[in-house]
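Inspection log for the structure reproduced underneath, given as structure tokens.
The values are calculated or read from the model by the stated rules, or taken from the named source; none is laboratory data. Given the structure is predicted, the values throughout are model-derived calculations rather than measurements. In this analysis, Cβ positions are derived from the backbone assuming ideal geometry, glycine residues included, and neighbour counts consider all displayed protein chains. Side chains are part of the model used for accessible areas, which takes the heavy atoms of the whole protein and leaves out ligands, DNA and RNA. Shrake-Rupley method; radii C 1.70, N 1.55, O 1.52, S 1.80 Å.
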Amino acid sequence: MIRFENVHKTYKSGSDALRGVSFKINDGDFVFVIGKSGSGKSTLIKLITREEKPSDGYVLMDRFPISKMQSALVPVLRRHIGMIFQDFRLIESKTVFENVAFAGEIIGMPPKKLSQMVEIVLGVVDLRHKAQAMPLELSGGEQQRVAIARAMVNDPKLIVADEPTGNLDPQTSESIMALLEEINRNGTTVVICTHDSNLVDRMKKRVIEIEDGLIIRDELASGYCGHREAKSNVEEGEKK
Ligand code: ADP
Ligand code: MG
């Protein structure tokens with residue numbers, strides 16, 4: 001579904017955010033992108049959503065080079081991508097229902113179908129009872145669930161999340177990840193940038209680790225530190 005081919009990204013400031021990154025994500029995958037602050041995780045996400053273009057290399061979505069796509073076509077690409085952010089990015093003056101519906105209005109979904117979809121996705125995130133609440137009346141975890149519902153309302157093939165649990169406590173973070181996992185089980189491809197080592201360790205998904213703009217590890221069913229390090233930790237423990 002997504003392919004990066006030797007992608008470089010140098011910002012105008014001269015900052016080399018990505019320095020030759022290649023990987024493939026298949027339909028239905030669940031992938032964590034991890035790495036220290038400043039390693040290039042958000043840049044990688046922004047190249048998928050076409051908020052940024054590579055300085056060199058290709059980004060392909062379903063074999064289509066989105067990195068070369070005309071700007072006029074970007075909204076078409078975005079219809080197929082649900083986006084989730086650390087700071088939720090809800091519209092404070094709209095109700096929960098209106099926030100979720102807005103994503104469908106933008107793409108011109110017929111009103112009747114849209115309100116059915118909003119009901120469905122609010123059910124998935126277990127917030128039907130809060131449909132008429134305002135975002136600021138909700139907890140952080142609830143606000144992020146609204147954002148997940150909004151990301152799902154257009155039935156995207158792909159959900160990308162940039163530090164979705166960055167502002168949440170550990171227990172709430174766990175429930176947010178469980179929800180994303182459930183959405184993935186139903187066939188949606190999910191790509192999540194995160195710092196949350198406990199969650200990454202617990203979920204045992206594919207992990208792509210970046211350091212200074214390069215992929216230093218890409219492992220299936222892995223954890224925050226990887227198989228090799230995790231194994232040597234066990235061996236260390238056994239020696240003691
Ligand atoms: P991460 O999400 O892993 O913290 P980023 O992708 O945000 O990393 O940033 C990677 C590098 O690119 C950093 O050095 C950062 O300062 C730089 N960078 C990110 N966005 C911009 C931008 N819009 N303009 C200039 N430099 C940027
Ligand atoms: Mg970031």
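Each of 103, 73, 168 was scored by the projection of its Cα onto the charge dipole of the chain, and the greatest displacement toward the positive side belongs to 73; charges sit on the C-beta of Lys, Arg, Asp and Glu. Between amide H atoms placed 1.01 Å from N, distances below 5 Å from residue 224 occur with 201, all of them 5 or more places distant or on a separate chain. With springs connecting C-alpha atoms under 10 Å apart, model the chain as a Gaussian network and identify which of 46, 205, 112 has the largest mean-square fluctuation. Comparing 46, 205, 112 in a Gaussian network model of the chain, the most mobile one is 112.
As an exercise, identify the trypsin sites (Lys or Arg not before Pro) in the stretch 55-92 lying in DSSP coil whose Cβ has no more than 15 other Cβ atoms within 10 Å. Numbers along the way, then the final one.
Numbers: sites: 63, 68, 78, 79, 89; in loops: 63, 89.
Within the stretch 55-92, the qualifying trypsin sites (Lys or Arg not before Pro) (loop, at most 15 other Cβ atoms within 10 Å) are 63, 89.
Just name one of 90, 60, 179: the one whose Cα is farthest towards the positive end of the charge dipole of the chain (beta-carbon charges, Lys/Arg +1, Asp/Glu -1). Value: 60.
In Å², and per residue, what accessible area does the chain have when probed at 1.4 Å with the other protein chains present?
51 Å²
Extent of the chain along its three principal axes (Cα atoms, max minus min coordinate, largest first): 59, 48, 33 Å.
Relative to the Cα centre, the charge distribution of the chain, modelled as +1 at Lys and Arg Cβ and -1 at Asp and Glu Cβ, gives a dipole magnitude of about 700 debye.
Per DSSP H run of n ≥ 4, the term is -39500 (n - 2.57); total these for the chain, divide by its residue number, and report the mean residue ellipticity at 222 nm rounded to 500 deg cm²/dmol.
Working: 8 runs with 89 residues, N = 240.
Rounded to the nearest 500, the figure is -11500 deg cm²/dmol.
For the peptides 145-154, 34-43, 131-140, the ranking by mean Cβ contacts within 10 Å, running from highest to lowest, is 145-154, 34-43, 131-140. The residue among 23, 10, 43 whose Cα reaches farthest toward the positive pole of the charge dipole of the stretch 4-44, with charges on the beta-carbon of Lys, Arg, Asp and Glu, is 10. Ignoring any ligand, DNA or RNA, what whole percent of the accessible area of the stretch 1-145 comes from carbon and sulfur when the probe is 1.4 angstrom? Of all accessible area on the stretch 1-145, carbon and sulfur atoms account for 49 percent.
Taking square-rooted eigenvalues a ≥ b ≥ c of the alpha carbon gyration tensor, is the stretch 144-195 rounded, prolate or oblate, where a/c under 1.5 means rounded and, failing that, a/b exceeding b/c means prolate?
Details: a/c = 1.71, a/b = 1.66, b/c = 1.03.
Because a/c hits 1.5 or more and a/b exceeds b/c, the stretch 144-195 counts as prolate.
Hey, can you rank 99-106, 195-202 by average C-beta count inside 10 Å, highest first? Please list the in-between numbers first.
Working: 99-106: 20.2, 195-202: 16.2.
Going from most to least packed, we get 99-106, 195-202.
In sequence order, the stretch 155-165 has phi-based couplings of 6, x, 7, 9, 10, 10, 9, 9, 6, x, 10 Hz under the Karplus curve 6.51 cos²θ - 1.76 cosθ + 1.60, θ = phi - 60°, and Gly or Pro positions carry x. Against the empirical 2.2 N^0.38 Å (N residues), the stretch 1-136 has a Cα radius of gyration ratio of 1.23.
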